1. Over the Cα atoms of segment 129-206, how large are the radius of gyration and the largest Cα-Cα distance (Dmax), in Å?
2. Kindly write out, for segment 60-68 in residue order, the coupling ³J(HN,Hα) from the Karplus curve 6.51 cos²θ - 1.76 cosθ + 1.60 (θ = phi - 60°), rounded to whole Hz, with x marking Gly and Pro.
3. Can you bin segment 92-177 into rounded, prolate or oblate? Criterion: square roots of the alpha carbon gyration tensor eigenvalues sorted a ≥ b ≥ c, rounded for a/c under 1.5, prolate for a/b above b/c, oblate for the rest.
4. Quick one: grab Rg to one decimal and Dmax as a whole number for segment 154-282, Cα atoms only, in Å.
5. Place a point 7 Å from the Cα of A269 along the Cα-to-Cβ direction; which residues of segment 209-253 have their backbone N under 19 Å from it?
6. Under a cut-off of 19 Å between alpha-carbon atoms, report the aspartates and glutamates in cross-link reach of K92, not counting same-chain residues fewer than 8 places apart.
7. Round to the nearest 0.05 the FRET efficiency obtained for K81 and A229 when R0 = 41 Å and r is the Cβ-Cβ distance.
8. Using 20 Å as the Cα-Cα cut-off, could you pick out the over-long pairs in K101/K147; K168/K191; K146/K224?
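Readers should treat all values here as calculations from the given coordinates under stated rules, not as data from a laboratory. All values derive from a computational prediction rather than experimental measurement. All Cβ positions, even for glycine, are placed from backbone atoms using ideal geometry, and neighbour counts span all protein chains on display.
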Amino acid sequence: MKKLIVGVMLLGILGACGNKKTNIDPFASITKEVDSIRRVADSIHCDESPEDPQPIQADESFDDFIYNFASDDVLQRQRVKFPLPYYNGDKKTNIEEHNWKHDDLFTKQHYYTLLFDREEDMDLVGDTSLTSVQVEWVFVKTRMVKKYYFERIKGAWMLEAINLRPIKQNDNENFVEFFGHFAADSLFQSKRVCEPLAFVTTDPDDDFSILETTLDLNQWFAFKPGLPADRLSNINYGQRNDDDSPTKILALKGIGNGFSNILYFRRKAGEWELYKFEDTSI
């Protein structure tokens, strides 16, 4: 019956794919509110010193804050604790304010990615009680991770350090290395997609209903999103991210455009495979 649903509704889903609402797209509404938040921030900039930043509306949620931090140069300089410690492996240097260059992070992209080991950890997105969060760039080819350490101090988020380090080596197939190959090589990808592939999407005739069905390999290639092959972003809200985890979840989230795809991977016989795909874009 499930395969029948796919056959009957394939054209309808294809037409609607990419046009459904995501349940963890924190930047979808932020872009509409940036101007009002910046006006509040600008008024505060005039009265505060870099040593004593005052919380603004965007500090209530880390997702609100990080979008404003990446898009507002004045706010960014105010929220970096200078001199900023920068660790490259075991080597430490300090970045002085006059040497700081504005960092857009991932906000110039159409989407960003999030990494999880467990589905329940996805509930951490949007948690307003957080006091420590790390934003990460995972460089696939060089196998390095660049991590930005943010702490909420007296209600205001501050960047306190940056750390560049190699990805941990282990005996199992490394997920980052695997995914770089998976994203760039369609032949390799075809060998690492479970058949049938579990597929979850919204009903094109009812936005409040979810379809749970399966895809064959050809349908996966028809439905699949463009995959980042060079680097992955991640916001670590406190979720587990263990190199030895037997499962990985990669969420691709649009910035203000309603795009939402989630890829579920598991390690089987020592090798990673894609076993479930969700598309709940609007």
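1. Radius of gyration, then largest Cα-Cα span, for segment 129-206: 18.7, 52 Å.
2. Each residue of segment 60-68 in turn: 5, 10, 4, 5, 4, 4, 5, 5, 5 Hz.
3. Values: a/c = 1.75, a/b = 1.17, b/c = 1.49.
It is oblate, given that a/c is not under 1.5 and a/b is not larger than b/c.
4. 16.7, 53
5. 217, 246-247
6. Within the straight-line cut-off, K92 pairs with E136, E160.
7. For R0 = 41 Å, the calculated efficiency reads 0.75.
8. Beyond 20 Å: K168/K191; K146/K224.
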